[in-house]
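Notes for the one structure printed next.
The values are calculated or read from the model by the stated rules, or taken from the named source; none is laboratory data. Here the structure is a predicted model, which means the values were calculated and not measured. With ideal geometry, Cβ positions are generated from the backbone for all residues, glycine too; neighbour counts draw on all protein chains shown. Accessible surface areas use protein heavy atoms only, side chains included; no ligands, DNA or RNA. Shrake-Rupley method; radii C 1.70, N 1.55, O 1.52, S 1.80 Å.
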Amino acid sequence: MTTGRWGRTWRWLREHAVNVAAGLVVFYLLIPIAVIFLFSFNDPQGRYNYTWVGFTFEHWLHAFSRPELTEALITSLELAVLATVISTIVGTMMALALVRHQFRGRRISNFLIVIPMATPEVVMGAALLSFFLILGTPSLGFQTLLIAHVMFCISFVVVVVRSRLIGFDRSLEEAARDLGANSWHTFRLVTLPLIMPGIFGGAMLAFALSIDDFVISNFNSGTTVTFPLYIFGAAQRGIPVEVNVIAMMLFGITVAAMGFATWQQRRAERMAAVRPEQETVPAPLATAEAG
């Protein structure tokens, strides 16, 4: 009986080995987040939030009570939003050019796009600092940070959007043109909705990289303090509990954005499943004809 039970257990483990391994990896990755969430309710007696003292909602109710922390967070959010918008627009246009157009230097451009992703951040940060000093930039600050963040975010947007465009079914665009839609209507009502999950995914990645960056920002920030730079400085004198609270807020926003991206992905897949051979005209094309 024992041998049969062990046999069934071993057979179950072999059949579900991948799921078990994935579950363990996810659990391992979520441990730090669980610790941050737990200690966001801690009520430490001193400056250091390393040992559990007592449960309190005080820090959640007054998460933005520290002016220097709030100012650093606002700076990071402004920087991340601007860098995301600029890099997403430029990166999407670059991806469209690299996938759909033939021009001299196209292959080398595809190679150069990957270089910022493969370059160590400390090297990139030092190189950017040298670049700004050679140009004679009066002072480092928000502007230099924005230039630096846009530079390394563009590559990630291009790669994500390009992968979406490579698997794009061009026959849907041809069907739209056959039904009378011009180039602008075809792009706005057919191409853009279908590649939107890739664009949104690239924008999310750019936002996460920008708001999380420390190394490159440390080289090019000057007197500007971002959220990661504030945490690094506060670690030497005790990280306040409000940092954990804000971190959990950002995590919640990220999870919500991931859910929206998943919904967009499924919506695009349903739209792509409508074949041009079908007699039913897709809704976007009907709208184009009506316009």
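Before moving on, here are some points about what is shown:
- If you filter the range 123-144 down to residues that are within 27 Å of MET93 (Cβ to Cβ) and open to solvent by 70 Å² or more (accessible area, probe 1.4 Å), you find that the one that is farthest from the chain's Cα centre (by Cα) is LEU135.
- Near pairs, Cβ below 8 angstrom, 6+ apart or cross-chain, from the range 222-235 (closer than 17 Å to LEU209 by Cα) to any residue that is among the acidic types (Asp, Glu) and assigned to a helix (DSSP H, G or I): VAL225/GLU68; VAL225/GLU71; PRO228/ASP212; TYR230/GLU68
- The listed residue being farther than 29 Å from CYS153 by Cα and not in a loop (DSSP other than H, G, I, E, B), out of GLY91, GLY46, GLY7: GLY7
- Checking TRP10 against (1) within 27 Å of MET249 (Cβ to Cβ); (2) without any contact (Cβ under 8 Å) to a residue 40 or more places away in the chain; (3) open to solvent by 80 Å² or more (accessible area, probe 1.4 Å), the condition it does not meet: (1)
- Test result for GLU15, among the charged types (D, E, K, R) and under 30 Å from LEU145 (Cα atoms): no
- Search result, residues across the range 25-42 that are in contact (Cβ under 8 Å) with a residue 24 or more places away in the chain and open to solvent by less than 90 Å² (accessible area, probe 1.4 Å): ILE33, ILE36, PHE39, SER40, ASN42
Residues are listed down the side, and each one gets a yes or a no for (1) in a helix (DSSP H, G or I); (2) open to solvent by 30 Å² or more (accessible area, probe 1.4 Å):
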{"residue": "LEU79", "(1), (2)": "yes, no"}
{"residue": "ALA83", "(1), (2)": "yes, no"}
{"residue": "ILE86", "(1), (2)": "yes, yes"}
{"residue": "LEU96", "(1), (2)": "yes, yes"}
{"residue": "GLN102", "(1), (2)": "no, yes"}
{"residue": "ARG107", "(1), (2)": "yes, yes"}
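- The single condition among (1) open to solvent by less than 30 Å² (accessible area, probe 1.4 Å); (2) charged (D, E, K, R); (3) in contact with a Gly (Cβ under 9 Å, 6 or more places away or on another chain) that GLU173 does not meet is (3).
- Residues located in the range 182-215, provided they are of a type in the set (Ser, Thr, Tyr), more than 26 Å from ALA127 (Cα to Cα) and either touching a Phe, Trp or Tyr at 6+ places or on another chain (Cβ under 8 Å) or open to solvent by less than 10 Å² (accessible area, probe 1.4 Å) (or both): THR186, THR191
- Residue match in the range 233-254 (condition: open to solvent by 60 Å² or more (accessible area, probe 1.4 Å), among the basic types (Lys, Arg) and outside any helix (DSSP H, G or I)): yes
- Odd one out for VAL225, checked against (1) open to solvent by 60 Å² or more (accessible area, probe 1.4 Å); (2) touching a helix residue (DSSP H, G or I) at 6+ places or on another chain (Cβ under 8 Å); (3) at pLDDT 80 or above; (4) over 30 Å from GLN45 (Cα atoms): (4)
- Checking PRO116, PRO120 one by one, the residue that is open to solvent by 40 Å² or more (accessible area, probe 1.4 Å) and either within 20 Å of the chain's Cα centre (by Cα) or among the small types (Gly, Ala, Ser) (or both) is PRO120 and no other.
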